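This report refers to the structure that appears directly beneath it.
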């Protein structure tokens, strides 16, 4: 008795070349896509050079419970310390995200009153 081997199925086509082409097209479209909308008119970005070296800034911390901290001063002593510093360097304000905006606005008004002319205030979250 003779048993024949079952007939082999024809080998299918490989889809690897198609995958390569798809990835190449994906990379091409990602590189050539415009991610942001164009500006409606030409803009000149601000100059980032500064006379003062970047370094440690004076940071005023404001918690969600409206607690103030600046260097070693805490609470109401912060305002006295800020007035005494003279205002030569910018003051960075780091306020908690849960702090109500009205309270932050009140602190900004008070800082503006004690700040000398031309002083900078930088507000950041966190």
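The values are calculated or read from the model by the stated rules, or taken from the named source; none is laboratory data. This structure is a prediction, so every number in the text was calculated from the model and none was measured. Backbone-built Cβ (ideal geometry, glycine too); neighbour counts: all protein chains shown.
Brief remarks on what is shown
- The one condition in (1) modelled with pLDDT under 85; (2) touching a strand residue (DSSP E or B) at 6+ places or on another chain (Cβ under 7 Å) that residue 88 fails to fulfil: (2)
- If you go through region 64-75 and keep only what is in contact with a strand residue (DSSP E or B) (Cβ under 8 Å, 6 or more places away or on another chain) and outside any strand (DSSP E or B), you end up with 67, 71, 75.
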